1. How big is region 69-129 along each principal axis, measuring the range of its Cα positions in Å and listing the largest first?
2. Stretched out fully, how many nm does the piece from Glu127 to Ala105 gain, at 0.36 nm a residue minus the Cα gap?
Amino acid sequence: MRQRPLIAPRSRRSSREPVVPMINVVFLLLIFFLMTAQIVPPAPFDVTLPQATADEDAGQTALYISAEGEIAFETARGDAALAQAVAASGDAPLRLHADAALPAATLARVLGQLTAQGATRVEIVTEGG
């Protein structure tokens, strides 16, 4: 009689993990991201954008308005500041630095006053972001 071994021999299996399921998951993720990505439509024609420099607004007239509605141009304040700013701007655009907390009604009133004083171009300066 033959004795059976106490420990059965292990079958020879590959110690490598199967790669096919991982490849399937990667392809599914790739398809998911391709389908959910937003595609930007192409521009209708080529446009060369202007380059801005730090000295671009040097020499331009700047009018300041606080959140409380106080108006200043150089040393002038109030309505005198409006008249001096319009006179100093000439044909160049008048740059308006208005506080973000300034009520829109006050800004509209000041823009109307600038137009009445003879301002033809007013640019409201904003902070880039």
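1. Taking max minus min along each principal axis of the Cα atoms, region 69-129 gives 30, 22, 22 Å.
2. Taking Glu127 through Ala105 to full extension adds about 5.8 nm, to one decimal.
Where a number appears in this text, it was derived from the coordinates with a stated rule and is not lab data. Source: prediction; values computed, not measured.
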